[in-house]
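Just so it is clear, none of the values below were taken in a lab; they were calculated from the coordinates. Please read these numbers as outputs of a predicted model, since none were measured by experiment. Ideal geometry is used to build each Cβ from the backbone, glycine not excepted, and the neighbour counts take in all protein chains shown.
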């Protein structure tokens with residue numbers, strides 16, 4: 001919208017006419033596209049693509065990630081990050097956009113006490129929620145997994161009145177849990193690097209759901225196997241998470257050239273720390289498929305063979321079947 005006049009219809013009546021200088025209409029299908037064009041123009045004018053500041057992976061310099069109006073700037077030093085932030089701040093101001101300091105967070109892998117931009121204090125955090133997922137400074141997925149399991153418990157308890165109904169059959173109740181509880185837990189799980197302790201938590205959560213559905217208390221002397229036999233879940237929650245991860249891997253591998261593929265396969269400069277190494281996302285794919293990257297590249301190109309592999313791995317790689 002540009003140089004328009006509007007009226008708002010409220011419960012108590014209609015407001016006076018007021019002027020809109022510029023903006024996009026909330027709810028309009030064109031609004032996201034128009035805003036993206038606007039934001040893209042600002043980023044190009046800020047010269048981020050030409051800047052040497054950023055994180056270098058596989059020879060590619062990455063200093064910003066954007067989704068709609070959420071923007072993440074990345075650099076290897078405080079000086080570089082401040083330079084990027086000032087570029088975006090100054091260029092945005094030229095086109096009527098103001099950086100919201102209160103909503104802007106700074107996260108560093110090392111210790112950081114305070115951060116200031118032109119005298120304004122910016123909050124330094126060890127974690128924050130971005131696009132619905134928790135991002136932590138240590139890069140450990142366990143924090144997000146625990147948070148998702150907690151949200152799943154809330155979703156499950158919110159269905160108590162429905163799941164207690166005697167008018168709904170057990171198979172229907174199982175489908176309700178799979179449709180309304182499990183997706184809450186699985187949100188963003190494609191990017192998780194799951195450890196053994198995380199797998200145990202996921203399995204424990206699933207069994208808690210089924211016991212709550214059947215109204216079987218933990219004090220009851222009833223085995224997990226008998227619970228699963230009555231529910232017949234077909235595929236465990238862990239198996240469904242694994243399926244999403246492998247499908248995502250196949251999707252990225254078939255793309256010719258993409259940022260996601262660069263991040264997945266590319267290597268950063270430097271060496272890993274001494275001692276036992278942390279499991280990387282790609283390592284978990286190698287583990288569950290028992291294949292090398294070279295072999296996986298071949299299999300993903302054959303969609304039928306890849307689907308069969310994913311189905312087989314999903315069915316077999318679950319602790320609930322042990």
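The peptide list 9-16, 306-313, put in order of mean Cβ contacts within 10 Å with the highest first, becomes 306-313, 9-16.
When both segment 95-126 and segment 152-230 are represented by their alpha-carbon centers, they are found 40 Å apart.
Any idea what angle helix 170-180 forms with the longest principal axis of the chain, computed on alpha-carbon atoms, 0 to 90 degrees, nearest 10? Compared with the principal axis, the helix lies near 20 degrees.
By its C-alpha gyration tensor, with a ≥ b ≥ c as the square roots of the eigenvalues, how is segment 250-322 shaped: rounded for a/c under 1.5, else prolate for a/b larger than b/c, else oblate?
It comes out oblate by the Cα gyration axes.
At a threshold of 8 angstrom on Cα-Cα distance, excluding pairs fewer than six apart, so keeping six or more, what relative contact order does segment 123-198 reach in percent? It would help to have the intermediate numbers written out before the result.
Numbers: 44 pairs, mean separation 28.2, N = 76.
Computed over segment 123-198, the figure is 37 percent.
Relative to the longest principal axis of the Cα atoms of the chain, the long axis of helix 142-157 lies at roughly 70 degrees. Just to confirm the number: angle between the C-alpha axis of helix 31-46 and the first principal axis of the chain, 0 to 90 degrees, nearest 10? Tilt relative to the chain: about 60 degrees.
Hull surface divided by four, with the convex hull built on the Cα atoms of segment 137-181: how many nm²?
On the way: hull surface 14.2 nm².
Averaged projected area of segment 137-181's Cα convex hull equals 3.6 nm².
Of the residues 243, 229, 195, the one that moves most in a GNM of the chain with alpha-carbon contacts below 10 Å is 229. Cα centroids of segment 265-311 and segment 36-68: 28 Å apart. Sorting the segments 83-89, 220-226 by their residues' average number of neighbouring beta-carbon atoms within 10 angstrom, most packed first, yields 83-89, 220-226. Comparing 34, 293, 149 in a Gaussian network model of the chain where C-alpha atoms under 10 Å apart are linked, the largest mean-square fluctuation is found at 34. Taking the square roots of five times each eigenvalue of the Cα gyration tensor of the chain, the equivalent ellipsoid has semi-axes of 41, 30, 20 Å, listed largest first.
Can you tell me the alpha carbon radius of gyration of segment 133-234 divided by the globular rule-of-thumb value 2.2 N^0.38 Å? The partial results should precede the final answer.
On the way: Rg = 14.6 Å, N = 102, 2.2 N^0.38 = 12.8 Å.
It is 1.14.
Under a Gaussian network description of the chain, with springs only between Cα atoms under 10 Å, the residue in 294, 262, 193 that fluctuates furthest is 294. Taking every DSSP helix (H) stretch of at least 4 residues in the chain, weighting each as -39,500 (n - 2.57) and dividing the sum by the residue count yields a mean residue ellipticity at 222 nm of -14500 deg cm²/dmol. Checking the a/c ratio against 1.5 first, then a/b against b/c, what shape does the Cα gyration tensor give for segment 84-135? Because a/c hits 1.5 or more and a/b fails to exceed b/c, segment 84-135 counts as oblate.
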